[in-house]
Amino acid sequence: MGARRVSVHGEWSSRLAFVLAATGSAVGLGNIWKFPYMAGENGGGAFVLVYLLCVACVGVPVMMAEVLLGRRGRRNPLETMATLAREEGRSAHWRWLGGMGIVAAFLILSFYSVIAGWTLAYVFRTAGGVFDGATATTVNRVFAALVADPERLLAWHTIFMGMTMIVVARGVRGGLERAVRFLMPALFVLLIVLVGYALNSGRFDEGLRFLFAPDFGRLTAAVVLAAVGQAFFSLSLGMGAIMIYGSYLPHGASIARTSMTVAAADTAVALLAGLAIFPILFAEGLHPDQGPSLIFKALPLAFGHMPGGAFFGTLFFVLLVFAAWTSAISLLEPPVTWLVENRGMSRVRATVWAGVVTWLLGLCTVFSFNLWSGWRPLAAVPGFAAKGVFDIIDFFGSDVLLPLGGLLISVFAGWVMARASSAEELGLGESPGYRVWRFLVRYVTPAGIGAVFLFRLKDALAS
Ligand code: TRP
């Protein structure tokens, strides 16, 4: 029976350990690097509003579904889906949902590692005082010089992948718990310091308005899809990372409470990052529409001007590296557990394989910012005319595979699984909370994601 299965990779020492690990997975570049630039590109308030709605109505129920599937299956995503489907008397082809997640993990980690490499590089730039008294011109130049150099990007990407592989090869439970317990609160405090600085930048109101006053004229299907994709990305949902972490969760821990805690922490960090960054941006006369370089320009400007900026800046980028690290670990874990359980590899060997494949794929992102920066591989496809290689990998990983994975996870948890099974695993009985969850995963999540995909398709075909 599902209730008795245990994971061959062990278990978290407590519910808190799971909360910390899942928060470590969720809080990362998605919150501090991606959320602000996505909000900036998609017009601010309207995007943020849709994002918050997605986190509450789609993110939390899907997270609960992922944790419950993981804890019941206790295997890598492929085997978990196959086992649970068989148990419910359904087709073992559901394993391909897990397979899709593993593809998404490779795609996402491949670019994630490159961007995390930028944060590593910025630790040294900031510590070296490069940004003391910096102007917009300086920060633009420093950023352009970094990404224009494929060798440097490659070196940082390699270092970051190496760091991630070391932890995964040794098993994720030991160090992760300890690291997250101290680093996450520290990151939180530093973000608050930054928001405090932004408060005095003179443009706080403007930043606040940009983030929270929705301009519904900007609400297109593409913006809504971007918000859905971002919610999945930021919460680490839709590909089995949370499923894997759920498979190490001890029985008896409340899945609902745990998921809400993780989602709340993740959202708080994203909003704080937005509140820190936009006022600074406006004060410096930079456009919110900078794309992936946004925080690498806005934050150095702030650090360059505040007292003790080199110190705070260095500390900030160090913490960001750690946040990215704990997220990258959760991206590498699903492919590795699959290789261990299904291909009979040792953990070390599996990590090397998965790591090297990801590293190679990462070269596409490395070159996307320099050698291939003018290349628009899908220029002929409607809606892709402006997308470079990195944008395309990100789009398929984050905006297509993650929401699709989330949709199928909901369908599985809400429709395929017997009511008795999910009620038992969530441990909520037939309470109102359980009914709300079941309604959300059966109707709201699939219909919402499905509608967004259809509208997006219609938009793309019309353009
Ligand atoms: N959520 C992480 C972030 O915000 C990234 C991440 C980790 C992730 N694991 C994931 C994204 C699984 C999607 C799926 O930075």
Cβ-Cβ below 6 Å, separation at least six or inter-chain, first residue in region 8-27 and touching a residue at least 60 places away in the same chain (Cβ under 8 Å) and of a type outside the set (D, E, K, R), second part of a loop (DSSP other than H, G, I, E, B) and within 16 Å of the ligand (Cβ to nearest atom): which pairs? Trp12/Tyr248; Ser25/Ser236; Ala26/Leu235; Ala26/Ser236
Going through region 328-350 one residue at a time, which ones are over 18 Å from Ser25 (Cα atoms) and either part of a helix (DSSP H, G or I) or within 16 Å of the ligand (Cβ to nearest atom) (or both)? Trp338, Leu339, Val340, Glu341, Asn342, Arg343, Arg347, Val348, Arg349, Ala350
The lone condition Thr326 fails out of (1) surrounded by 22 or more Cβ atoms within 10 Å (Cβ to Cβ); (2) touching a Pro at 6+ places or on another chain (Cβ under 8 Å) is (2)
Tell me which residues, restricted to region 293-308, are touching a Gly at 6+ places or on another chain (Cβ under 9 Å) and among the small types (Gly, Ala, Ser). Ala302, Gly304
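Regarding region 292-309, can at least one residue be identified that is among the charged types (D, E, K, R), surrounded by fewer than 20 Cβ atoms within 10 Å (Cβ to Cβ) and either in contact (Cβ under 8 Å) with a residue 24 or more places away in the chain or assigned to a helix (DSSP H, G or I) (or both)? Show your work before the answer.
Quick first cut of region 292-309, residues among the charged types (D, E, K, R) only: 297.
Right, trim to surrounded by fewer than 20 Cβ atoms within 10 Å (Cβ to Cβ) and you get none.
Among the residues of region 292-309, not one is among the charged types (D, E, K, R), surrounded by fewer than 20 Cβ atoms within 10 Å (Cβ to Cβ) and either in contact (Cβ under 8 Å) with a residue 24 or more places away in the chain or assigned to a helix (DSSP H, G or I) (or both), which makes the answer no.
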Qualifying residue in region 225-240 (condition: away from the ligand (no atom under 16 Å from the Cβ), assigned to a helix (DSSP H, G or I) and of a type in the set (Ser, Thr, Tyr)): no
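Considering each residue of region 24-47, count those that are assigned to a helix (DSSP H, G or I) and more than 6 Å from the ligand (Cβ to nearest atom), and give that number.
As a first pass, look at region 24-47 and keep what is assigned to a helix (DSSP H, G or I): 24-26, 29-41, 45-47.
Those left that are additionally more than 6 Å from the ligand (Cβ to nearest atom): 24, 32-41, 45-47.
Result for region 24-47: 14.
Touching an Asp or Glu at 6+ places or on another chain (Cβ under 7 Å), farther than 30 Å from Thr158 by Cβ, open to solvent by 10 Å² or more (accessible area, probe 1.4 Å) and away from the ligand (no atom under 16 Å from the Cβ): does that describe Arg90? Quick ask: steps written out before the conclusion?
Numbers: touching an Asp or Glu at 6+ places or on another chain (Cβ under 7 Å): no; farther than 30 Å from Thr158 by Cβ: yes; open to solvent by 10 Å² or more (accessible area, probe 1.4 Å): yes; away from the ligand (no atom under 16 Å from the Cβ): yes.
So Arg90 does not fit the description; no.
Wholly within region 56-168, which helices (runs of 4 or more DSSP H) include no fewer than the required count, namely at least 1 residues that are of a type in the set (Ser, Thr, Tyr) and closer than 26 Å to Asp289 by Cβ? Talk me through it step by step, then tell me what you get.
On the way: elements: 60-73, 77-87, 95-127, 136-147.
The helices (runs of 4 or more DSSP H) meeting that bar are 95-127, 136-147.
The values are calculated or read from the model by the stated rules, or taken from the named source; none is laboratory data. If you're wondering where the values come from, they're calculated on a predicted model, not measured in any experiment. Please note: Cβ atoms are built from the backbone with ideal geometry, for glycine as well, and neighbour counts cover all protein chains shown. Remember, those area values only see protein heavy atoms, side chains included, never the ligands or the DNA or RNA. Shrake-Rupley method; radii C 1.70, N 1.55, O 1.52, S 1.80 Å.
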